[in-house]
Amino acid sequence: FYSNIDRLIFLGKNDFVQCVQSAYPDIEPGTKLTRLQWSMVRRSLGKPRRCSPKFFEEERLMLEAQRDRVRELQQGKVNPDEAELYKDIADEIPAMLIIGTSVTAHIK
């Protein structure tokens with residue numbers, strides 16, 4: 001279960017996919033790569049980060065910043081000059097829920 005803001009962030013554009021697409025624009029998402037091709041991609045991305053408290057702190061700060069950007073888009077507080085900062089967020093932004101709105105949750 002994700003909130004309407006988090007759904008855009010977690011199920012939207014993936015940082016890894018964007019990084020691979022910028023380094024290798026001819027590789028389409030979902031393309032099957034050979035072991036040799038994958039090793040070239042991994043080598044070009046550099047050393048992976050360690051799982052540490054600093055890493056989690058940075059990830060939380062980045063998540064909060066992304067949530068704030070989605071909220072600004074929902075509220076219409078974005079200047080056309082700053083549109084470039086929001087290009088990595090999904091194309092469709094859901095409307096904000098108004099306090100008191102009835103919500104239905106489906107449990108699978």
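The values are calculated or read from the model by the stated rules, or taken from the named source; none is laboratory data. Worth saying up front: this structure is predicted, and the values here are computed from it rather than measured. Glycine also receives a Cβ, built like all others from the backbone with ideal geometry; neighbour counts cover every protein chain displayed. To get the accessible areas, we keep the full protein, side chains included, count just its heavy atoms, and leave off ligands, DNA and RNA. Shrake-Rupley method; radii C 1.70, N 1.55, O 1.52, S 1.80 Å.
Return an integer: the convex hull volume of the alpha-carbon atoms of the chain, in Å³ per residue.
For the chain, the hull spanned by Cα atoms encloses 185 Å³ per residue.
Ranked highest first by the average count of other Cβ atoms within 10 Å around their residues, in what order do 24-30, 97-103 fall?
In descending order of packing, they fall as 24-30, 97-103.
Helix-only estimate, please: 222 nm mean residue ellipticity of the chain, summing -39500 (n - 2.57) across DSSP H runs of length 4 or more and dividing by its residues, to the nearest 500.
Helix contribution divided over all residues of the chain: -15000 deg cm²/dmol.
Quick one: pull the percent of accessible area on the chain belonging to carbon and sulfur, 1.4 Å probe, ligands and nucleic acids left out.
56 percent
State which stretch of the chain is the longest one without any exposed chymotrypsin sites (Phe, Trp or Tyr not before Pro), exposure meaning a DSSP loop state and at most 12 other Cβ atoms within 10 Å.
3-108
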